[in-house]
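Undergrad: I am attaching a structure below and will ask some questions about it afterwards.
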Amino acid sequence: MTSSGDMVGLARSAVRALPRLSSELPSCAVDLSDNTNLWGAPPAALRVLRDAPPEALSRYPSVYSEPLHEAILRYVNLSRADGVGVVTGCGSDDVLDSTMRAFGAPGDRIVFSSPTFSMIPLLARLNGLDPVAIPLTNAFDVDAERIVDADAKITYLCAPNNPTATPVSRAAVEYVVANARGIVLLDEAYVEFAPEAFVQLVEQSERLIVARTFSKAFGLAGLRVGFGVGPIRLTRIVERARGPYKVSALAERAVLAVLDSTADGVDWVRAHAVLAIGNRDRLVTTLGQAGFDPVPSAANFVLVPTARALDIAQRMCARGVLVRSFTGLPLEIDALARTGGSALRIGVGPWDMMQTMLSVLAEVSA
Ligand SMILES: *Cc1c(COP(=O)(O)O)cnc(C)c1O
């Protein structure tokens, strides 16, 4: 007999070295920690789930969510006629993971800005990739030349960027897409809140895949659906790495209903993104008046550098408001160096939630 410890030793070392994501986030009455749609979900999706026929549970979904592809292309204003394809996934995390697995062999380099979406270094290590992090500039833009100079197999950009909420300049995106050697993976998870989108660039690039999600503006994080668009030759490769049946039949029906319906679907999403943008700008102003120095946001959340981030977040949580705290952010960025690399990330929702958050923040930081 061998002890179970030895069996654990059989696990791939890249897997053993990974942390299991903590599920211990406390639950709070007001949860502003994950950038989801705090107004809820589109009525068209709720209707589909309520009225689903038994086959939506008893039968398999389509292999690669083919019924969604046309609707997604219509939503992003691209056409199959231009050689553009779609790959769906169990959340866009799955698309990011599958793209890394499709193109990155163990030991290959992946480059990204720092700070960026926390899943990226995790997924990179899971796939045996060598992660290279290049700090954002002092203006919170992608340092395009250094990113390209890293000469990586895969380049990840996040526009707007999580957790800074800052946009990436068109010049930086275009420089990277024009000069990168390998695959460019551009994550537009928060594009609905941003002044510009870059998805149209996939028509002119043979290396660009743009990832998007239904988890944020679309209010469907619990359904777990995301997608990538890019040259169909690339999306087909990512589909192979992803594997079949990753999007459930219920999720497929709900997303299709949202994309196909105006008032209760896409228009609902757009109208609530407009509300989020209004409240975000009001929140940034209010935080400034309260003596904070929030980073200008192009997303549905706001990064607030403060040396006391950890302490403030813990005390807010005890008073029923959950926000994310970050420590160890790159000190190369002046605005973050001033707080020793600490900041709060606060999700934007209905104004009564923002008011609750602001009064609790005032109490604990007094
Ligand atoms: C939330 C988020 C995602 C995606 O999430 P899924 O729920 O897996 O679709 C992707 N990228 C960024 C930057 C995010 O913040």
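Undergrad: Counting only residues that are of a type in the set (A, V, I, L, M, F, W, C) and away from the ligand (no atom under 15 Å from the Cβ), which one in segment 161-172 is farthest from residue 113 (Cα to Cα)?
TA: Looking at the filtered set, the residue picked out is 171.
Undergrad: Among (1) within 16 Å of the ligand (Cβ to nearest atom); (2) under 25 Å from residue 350 (Cβ atoms), which single condition is residue 248 missing?
TA: (2)
Undergrad: Please give the number of the condition residue 261 fails out of (1) at pLDDT 95 or above; (2) surrounded by 15 or more Cβ atoms within 10 Å (Cβ to Cβ).
TA: Status for residue 261: all satisfied but (1).
Undergrad: When both residues are 6+ apart or on different chains and their Cβ atoms are under 6 Å apart, which pairs have a first residue that lies in segment 209-226 and is more than 17 Å from residue 156 (Cβ to Cβ), and a second that is acidic (Asp, Glu) and within 6 Å of the ligand (Cβ to nearest atom)?
TA: none
Undergrad: Could you please find all residues in segment 192-209 being part of a loop (DSSP other than H, G, I, E, B) and away from the ligand (no atom under 13 Å from the Cβ)?
TA: Listed by number, the residues that qualify are 195, 196, 197, 198, 204, 205, 206, 207.
Undergrad: Another question, then. Got a sec? Which strands (runs of 3 or more DSSP E) wholly within segment 299-359 have at least 1 residues that are in contact with a strand residue (DSSP E or B) (Cβ under 8 Å, 6 or more places away or on another chain) and either under 20 Å from residue 278 (Cα atoms) or not assigned by TED's automatic domain parsing to the domain that holds residue 281 (or both)?
TA: 301-305, 343-347
Undergrad: While we're here: Which condition breaks for residue 189 when tested against (1) in contact (Cβ under 8 Å) with a residue 60 or more places away in the chain; (2) outside any strand (DSSP E or B); (3) over 30 Å from residue 43 (Cβ atoms)?
TA: Result: residue 189 fails condition (3) only.
Undergrad: Would you mention how many residues in segment 27-77 are in a helix (DSSP H, G or I) and away from the ligand (no atom under 16 Å from the Cβ)? So that I can check it myself, show each step before the final result.
TA: Start the filter on segment 27-77 by keeping residues that are in a helix (DSSP H, G or I), which leaves 43-50, 55-58, 66-75.
If we keep only those that are away from the ligand (no atom under 16 Å from the Cβ) too, we end up with 43-44, 46-50, 55-58, 66-67, 69-71, 73-74.
Residues meeting the conditions: 18.
Conditions tested, residue by residue: (1) surrounded by fewer than 15 Cβ atoms within 10 Å (Cβ to Cβ); (2) free of Cβ contacts under 8 Å to residues at least 40 places away in the same chain; (3) assigned by TED's automatic domain parsing to the domain that holds residue 256.
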{"site": "15", "(1), (2), (3)": "yes, no, no"}
{"site": "18", "(1), (2), (3)": "yes, no, no"}
{"site": "29", "(1), (2), (3)": "yes, no, no"}
{"site": "33", "(1), (2), (3)": "no, no, no"}
{"site": "48", "(1), (2), (3)": "no, no, yes"}
{"site": "51", "(1), (2), (3)": "yes, yes, yes"}
{"site": "58", "(1), (2), (3)": "yes, yes, yes"}
{"site": "64", "(1), (2), (3)": "no, no, yes"}
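Undergrad: Among the listed residues 236, 240, 212, identify the single one that is in the same structural domain as residue 84 (by TED's automatic domain parsing), of a type in the set (Lys, Arg) and either within 25 Å of residue 263 (Cα to Cα) or assigned to a loop (DSSP other than H, G, I, E, B) (or both). Even if it seems obvious, please write down each step before you answer.
TA: Numbers: 236 fails: either within 25 Å of residue 263 (Cα to Cα) or assigned to a loop (DSSP other than H, G, I, E, B) (or both); 240 fails: either within 25 Å of residue 263 (Cα to Cα) or assigned to a loop (DSSP other than H, G, I, E, B) (or both).
When all the criteria are applied, what remains is 212.
Undergrad: So if I check each of 287, 256, 283, which one is closer than 30 Å to residue 73 by Cβ and assigned to a helix (DSSP H, G or I)? Before you say what the answer is, go through the steps one by one.
TA: Values: 287 fails: closer than 30 Å to residue 73 by Cβ; 283 fails: closer than 30 Å to residue 73 by Cβ.
Every option except 256 fails the conditions.
Okay, residues lined up against (1) crowded, with 21+ Cβ neighbours inside 10 Å; (2) closer than 30 Å to residue 37 by Cα; (3) assigned by TED's automatic domain parsing to the domain that holds residue 284:
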site	(1), (2), (3)
121	no, yes, no
130	no, no, no
141	no, yes, no
144	yes, no, no
150	no, no, no
175	no, no, no
183	yes, no, no
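The values are calculated or read from the model by the stated rules, or taken from the named source; none is laboratory data. What you see is a predicted model; the values in this text were computed from it and never measured. For neighbour counting, all protein chains shown are included, and Cβ atoms are generated from backbone atoms with ideal geometry for every residue, glycine included.
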